[in-house]
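Colleague: Before anything else, here's the structure in question.
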Amino acid sequence: MNLQTFKQSLTNATPPAGVPVYLQALWHEANGNWDKAHVLIQDLPDKNAAWIHAYLHHKEGDTWNADYWYSRAGKKRPQQTLEEEWESITAALVEEV
């Protein structure tokens, strides 16, 4: 799978079969289901989960909480649009699959 294939899957009814929870969360968020994305990612203890968690709170407008999660992910809040940020995170995680 590559970024383009993943983005094409956004028109499907469900995330692609077998993708990691990180990509499931990003898929749900891109399809307007922030709550489902948050539920999938909020209790995972690793840096990828923290990165997505940060993005979700950034999109929500909760900057303080977002910055906390960016710190947990070892990252800083990016100076790009939310769409660009989603694509950057997704591209990085698709490469790990």
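Colleague: Please enumerate the residues belonging to region 32-84 that are of a type in the set (Ser, Thr, Tyr) and out of contact with any Lys or Arg (no Cβ under 8 Å at 6 or more places or on another chain).
Modeller: Residues satisfying the conditions are TYR55, TYR68, SER71, THR81.
Colleague: Under 6 Å between Cβ atoms, at least 6 apart or on separate chains: pull out the pairs that start in region 14-37 with a residue that is in contact (Cβ under 8 Å) with a residue 12 or more places away in the chain and end on any residue that is assigned to a loop (DSSP other than H, G, I, E, B).
Modeller: Qualifying pairs under 6 Å: GLN24/PRO15; TRP27/PRO15.
Colleague: Going through region 52-82 one residue at a time, which ones are among the acidic types (Asp, Glu) and touching a residue at least 24 places away in the same chain (Cβ under 8 Å)?
Modeller: GLU60
Colleague: Could you list, in sequence order, the residues of region 5-33 that are over 23 Å from ARG72 (Cβ atoms) and part of a helix (DSSP H, G or I)?
Modeller: THR5, PHE6, LYS7, GLN8, SER9, LEU10, THR11 - these are the residues of region 5-33 that are over 23 Å from ARG72 (Cβ atoms) and part of a helix (DSSP H, G or I).
Colleague: Whether any residue in region 83-91 is within 20 Å of PRO15 (Cβ to Cβ), of a type in the set (S, T, N, Q) and without any contact (Cβ under 8 Å) to a residue 24 or more places away in the chain is what I want to check.
Modeller: Among the residues of region 83-91, at least one is within 20 Å of PRO15 (Cβ to Cβ), of a type in the set (S, T, N, Q) and without any contact (Cβ under 8 Å) to a residue 24 or more places away in the chain, which makes the answer yes.
Colleague: I'd like the full set of residues that are closer than 24 Å to MET1 by Cα, surrounded by fewer than 13 Cβ atoms within 10 Å (Cβ to Cβ) and modelled with pLDDT of 95 or more, limited to region 75-97.
Modeller: The answer is LEU82, GLU83, GLU84.
The values are calculated or read from the model by the stated rules, or taken from the named source; none is laboratory data. Quantities reported herein were computed from a predicted structural model and do not represent experimental measurements. For neighbour counting, all protein chains shown are included, and Cβ atoms are generated from backbone atoms with ideal geometry for every residue, glycine included.
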